[in-house]
Amino acid sequence: MNNKSKITLGILIALISILVLEVIYISVKKKNSISQKNEFVSLLQLPDLAICTEATYLRHRSMSTTASIFKDDPLLLEYFPATFTYKASSLTKNTPQQITTP
Amino acid sequence: MEYAMNALFRQKYKSIFILIIFTSLIFLLTSVFFISNAIKYELHSTVESLPEITVQKIQAGRQQNINVNVIEKILEIAGVQDAVGRVWGYYYFQNAGVNFSVMGIDEFENQSTQSLENIVQKSDFDKAMENDSMIVGEGVKRILQDNYYKEYFNFIKPNGTLKQVNIQGTFSSNTQLESNDVILLAKQTALEIFGMNEEEVTDIVVKVANEKEISMIASKIKLLLPDTRVITKEDFKVSYKNIFDYKSGVFLALFIVALFTFFIVIYDKSSGLSSEEKREIGILKAIGWTVDDVLKEKFYESFILSFVAYLLGVILSFAFVYIGQAPILREIFVGYSQLKTSFELPFVFDVQTLFLSLFLTVPVYIAATIIPSWKSATIETDEVIR
């Protein structure tokens with residue numbers, strides 16, 4: 001084999017091994033604290049993560065419906081950018097109002 | 001393969017440009033998918049701890065407080081193990097412009113010595129349970145400390161008076177994604193802070209022993225109390241599954257832009273070869289290369305370029321999301337929230353995303369390179385050199 005093809009193979013193998021090492025490093029470094037998280041959620045009994053706290057219908061998204069965004073004022077539609085990321089909960093059954101999911 | 005490498009180095013700038021574009025595209029797409037899948041994984045890993053049934057009162061499309069008398073009616077339904085009224089809500093801290101989620105639970109004092117030991121870091125000072133006390137999330141602690149509230153906090157009640165509550169402890173940082181903005185205190189304190197009277201609760205949580213009976217009991221509660229919304233654990237699971245809509249919003253914008261960029265590069269590659277490249281192929285054929293050899297060389301050339309771009313993109317993406325906590329991309333998921341959590345996402349080795357990005361980019365680029373080369377390789381040699 002020529003020099004250049006050896007270099008090429010070397011680069012490919014190096015990249016693949018960097019990837020494998022990185023994956024191993026990250027999986028070892030990340031502590032898996034699922035039991036603590038489950039304990040916390042069973043204590044609090046509230047759904048959804050505390051990532052997006054700008055609006056109540058984003059913070060507890062699973063307990064709100066498509067109409068929760070209107071509860072403050074109809075003019076506040078799509079006020080927060082995070083409503084473009086998270087989809088409104090499709091929880092329209094058992095809701096005492098007539099809504100069709102968009 | 002040597003010839004392929006030489007060809008790449010001969011067109012150094014063009015190769016580097018295509019490499020950078022592909023690496024950036026793959027990096028961006030895989031990062032967004034990693035973040036969204038990690039969030040979904042985090043949600044799914046805690047869904048079993050959620051209550052079986054939650055009952056909310058809805059009036060005029062808005063959630064209202066529910067009367068505690070309703071709890072007795074619910075307890076009479078067969079299959080219901082327990083029904084507990086909860087007091088929780090949001091407290092807006094004006095100085096910092098943040099919303100705290102405030103939750104009041106019964107028997108707070110008993111709780112804090114037993115089951116909370118695992119998830120609460122005790123504070124340094126020793127404020128016992130003589131006065132009202134609370135346990136806060138790390139984000140709350142940070143905000144309060146920035147506003148000079150180190151050991152206690154003054155809630156402003158609806159009647160304008162202040163209520164001082166001592167900070168007893170902080171939730172463990174391992175639970176930060178769930179507990180960052182949470183304040184946990186005794187139910188009585190929560191009622192005072194929200195100005196609710198003793199006969200009102202925010203919603204009711206129903207415990208059902210047999211999982212299979214949940215939907216039946218939920219429909220019974222709905223018949224019994226027509227002005228309520230009944231949410232089951234199954235509804236939470238469905239809601240978690242549908243949290244990201246890849247056909248609208250930010251994701252749609254991202255995919256359209258990425259697809260557009262990708263196809264511009266592909267179109268440029270596949271819209272025929274330049275006369276220089278055609279002559280190159282003609283010369284190779286003249287010195288004895290067969291069509292197969294030419295195609296093999298073109299395959300190596302495009303495979304090396306696209307596969308290296310793919311590997312680089314994925315490596316950078318892993319480092320960006322899981323080691324660097326996705327500095328700019330996380331703003332898409334965090335939004336305007338003033339109360340920022342550390343974006344320590346759980347590690348999910350998402351094989352689906354990796355294979356999707358591999359098979360969408362590498363074979364398409366190889367095909368876009370080989371097909372025009374095959375076309376010009378099958379033309380007569382002397383025509384091409386002329």
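The values are calculated or read from the model by the stated rules, or taken from the named source; none is laboratory data. Note that this is a predicted model, so its numbers are computed, not measured. No Cβ is skipped: glycine too gets one built from the backbone with ideal geometry, and neighbour counts run over all protein chains shown. Please note that ligands, DNA and RNA were not included when accessible areas were found on the heavy atoms of the full protein model with its side chains. Shrake-Rupley method; radii C 1.70, N 1.55, O 1.52, S 1.80 Å.
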Legend entry - Fraction in percent of alpha-carbon pairs per bin - 20 Å, chain B: 21, 38, 23, 14, 3
Inset, instruction - Once you have all Cα-Cα distances for segment B:122-240, histogram them in 5 Å bins from zero and send the whole-percent values. - result: 2, 9, 14, 15, 15, 13, 12, 10, 7, 2, 0
Inset, instruction - Determine, from the Cβ-Cβ distance of B:LYS375 and B:VAL238 and an R0 of 60 Å, the FRET efficiency 1/(1 + (r/R0)^6), rounded to the nearest 0.05. - result: 0.75
Legend entry - the protein assembly as shown, dipole about Cα centre (Lys/Arg Cβ +1, Asp/Glu Cβ -1), debye to the nearest 20: 1260
Inset, instruction - Of the options B:THR46, B:ASN166, B:ALA78, report the single residue whose Cα projects farthest towards the positive end of the charge dipole of the protein assembly as shown (beta-carbon charges: Lys, Arg +1; Asp, Glu -1). - result: B:THR46
Legend entry - In nm, spacing of pseudo-spin labels at B:LYS40 and B:SER342 (7 Å Cα→C-beta vector): 2.7
Inset, instruction - Quick one: grab the alpha carbon gyration tensor of segment B:7-51, order the square roots of its eigenvalues as a ≥ b ≥ c, and give me rounded if a/c is under 1.5, else prolate or oblate depending on whether a/b is larger than b/c. - result: prolate
Legend entry - Selection from B:ASN242, A:SER35, A:ASN3 lying farthest towards where the dipole of the protein assembly as shown points positive, charges on Cβ: A:ASN3
Inset, instruction - Give me the distance between the Cα centres of segment A:1-27 and segment B:165-223, rounded to whole Å. - result: 51
Inset, instruction - Give me the distance in nm between label points sitting 7 Å out from Cα along the Cα-to-Cβ direction at B:ASP293 and B:ASP268, one decimal. - result: 3.1
Legend entry - FRET efficiency estimate (nearest 0.05) - Cβ-Cβ, A:SER42 to A:ASN3, R0 51 angstrom: 0.25
Legend entry - segment B:251-358 - Rg (one decimal) and Dmax (whole number), Cα, Å: 20.9, 69
Legend entry - Cβ-Cβ FRET estimate between B:ILE328 and A:ILE26, R0 fixed at 22 Å, reported to 0.05: 0.65
Legend entry - Heavy atoms of B:LYS220 accessible to a 1.4 Å probe, total area in Å² rounded to 10: 90
Inset, instruction - Could you grab the Rg to Rh ratio for the protein assembly as shown? Cα atoms only, Kirkwood for Rh. - result: 1.12
Inset, instruction - Using only C-alpha positions, report the orientation-averaged shadow area of the convex hull of segment A:1-64, nm², one decimal. - result: 7.8
Legend entry - Per-residue [θ]222 nm for chain B (sum of -39500 (n - 2.57) over DSSP H runs n ≥ 4, rounded to 500): -16000 deg cm²/dmol
Legend entry - Positive dipole terminus of the protein assembly as shown, leading residue within A:HIS60, B:ASN67, B:ILE283 (C-beta point charges): B:ILE283
